[in-house]
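Let me begin by presenting the structure, written as structure tokens, before commenting on it.
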Amino acid sequence: MTIFDIDQEILSCIDMETGEVIDLEKLSALQMERDRKIHNVACWYKELTAEAEAIKAEKQKLAHRQQVCENKAESLKKYLAFALDGEKYKDGAVAISYRTSKSVVFYDDFDYAELPDEYQKITIEPKKAEIKKAIEEGHVIEGVELVEKTNIQIK
């Protein structure tokens, strides 16, 4: 039985016209069952939250290990490029060759604002904290409203 079902059963124990309790024993049992269900769901929530935090921590450790491996590999690649100095190498297990590529590099003192508009990516993002403050101070911003929410906290 779900909490919703229990709530419906609780309502059936009360006369809706008078508000009088029809079956006090059933109402007490249902209330205890409801409390037990709420307790169990809240505990399950806490368990899942703790598990998610543990997974997140493990993910961060693995990401760090990944970054260390990638950095070492890049360092070894640079060492090989230096040692071979453009010379190809091949044996039964590896083959080292080169290809050319082109990339855009900006000078350190280059001002991106000097680029023509067709070469710039422009993104617009609202400053939500400033908008919230303005609305709270009484300013009206067309198409925007401040909505109050109720957020559950489980500890």
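Some values worked out for this structure:
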| quantity | calculated |
| --- | --- |
| D91 being among the charged types (D, E, K, R), surrounded by fewer than 10 Cβ atoms within 10 Å (Cβ to Cβ) and on the phi > 0 side of the Ramachandran plot | no |
| Filter result (surrounded by 10 or more Cβ atoms within 10 Å (Cβ to Cβ), over 27 Å from Q153 (Cα atoms) and of a type in the set (D, E, K, R)) within region 16-44 | D23, K26 |
| Checklist (1) loosely packed, with under 10 Cβ neighbours inside 10 Å; (2) part of a helix (DSSP H, G or I); (3) over 38 Å from the mean Cα position of the chain (by Cα); (4) not basic (K, R) applied to F4, failing item | (3) |
| Checking I154 against (1) more than 30 Å from L48 (Cβ to Cβ); (2) in contact (Cβ under 8 Å) with a residue 12 or more places away in the chain, the condition it does not meet | (1) |
| Test: residue in region 59-75 that is small (G, A, S) and under 21 Å from the mean Cα position of the chain (by Cα) | yes |
| Some residue of region 61-83 being under 30 Å from Q153 (Cα atoms), of a type outside the set (A, V, I, L, M, F, W, C) and part of a helix (DSSP H, G or I) | yes |
| Top-ranked residue in region 22-53 [being modelled with pLDDT under 90 and among the polar types (S, T, N, Q); ranked as nearest to Q8 (Cα to Cα)] | Q31 |
| Lone qualifier among I141, I124, I131 - being β-branched (V, I, T), surrounded by 10 or more Cβ atoms within 10 Å (Cβ to Cβ) and part of a loop (DSSP other than H, G, I, E, B) | I141 |
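The values are calculated or read from the model by the stated rules, or taken from the named source; none is laboratory data. Predicted model, so just to flag it, every value in this text is computed and none were measured. Neighbour counts are summed over all protein chains in view; Cβ atoms, including those assigned to glycine, are modelled from backbone coordinates with ideal geometry.
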